[in-house]
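The next block holds one structure in the form of structure tokens; read it before the comments.
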Amino acid sequence: MMVQSRLNESIHLPNENELLEVISQADNASSVINAAYHALDDAVGALTQRLFAHNDCAIQFVVDPLMSNDGPLGDMIVRSKLLLGLGMIPKENYEDIECFVRLKDWLEKQENKVIDFTQPVLLTELRTVQAIKRCMPIEYDPSMISGLSDSMLKMFIERHNQKVKSTIVIAITDIVSQLRSTEPYNPS
């Protein structure tokens, strides 16, 4: 149960090992996507805060309230659009982030009951993530499981889920690493 509660929490950067640990301990597709979403949310939030870091007063009195849950920058998509608009992140990273936001929203509508990575909606979205395309494209087609015995089907799904989970870990680590290495614009 400890793992499940940690999967719904944010992963506070710069601890990438925690990202790997949480995703690897996730017991279903919903938990993996939620952990990936939180890692991206923290990375985008950290970069947004670094954008304004040259002024402590700005952080305390302006940026922090804007980034609160009910503030205009409390939404990861809004923060990502700001970073994209300022040229701090490439469009490819923005689109990957946007995909994980869509997946998180879709999973919430499914009441986070998606247990494996065989759902067509999930696979279609994940296949659009550039970071996934670069590291290990996801190969799955329902015809791959037709005719398998129950035990073979179970083994196939477990192996497929582990492969997709590993691919997501690599992709999220790549995106987070890129966001962490981005230097904010300094007008001085």
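Compactness of the range 67-141 is given as radius of gyration and Dmax, 14.2, 42 Å, from Cα positions. Expressed as a whole percent, the accessible area of the range 112-188 that falls on carbon and sulfur atoms is 56 (1.4 Å probe).
Counting Lys +1, Arg +1, Asp -1, Glu -1, what net charge surrounds E139 among other residues with beta carbon under 11 Å of its beta carbon? Every neighbour counted, the sum reads +1.
If packing is taken as the average number of other Cβ atoms within 10 Å across a peptide's residues, how do 151-157, 170-176 rank, most packed first? Please report the intermediate quantities before stating the final value.
Working: 151-157: 12.4, 170-176: 21.4.
Packing order, densest peptide first, comes out as 170-176, 151-157.
With the cut-off at 22 Å, tell me which of the pairs K133/K163; K81/K113; K104/K133 have Cα atoms farther apart than that. If you can, show how the numbers build up before the last one.
Details: K133/K163 14 Å; K81/K113 30 Å; K104/K133 20 Å.
Long pairs (Cα-Cα over 22 Å): K81/K113.
The values are calculated or read from the model by the stated rules, or taken from the named source; none is laboratory data. Keep in mind it's a predicted model, so treat the numbers as computed, not measured. Glycine gets a Cβ as well: all are built from the backbone with ideal geometry, and neighbour counts include every protein chain shown. With ligands, DNA and RNA removed, areas are computed over all heavy atoms of the protein, side chains included. Shrake-Rupley method; radii C 1.70, N 1.55, O 1.52, S 1.80 Å.
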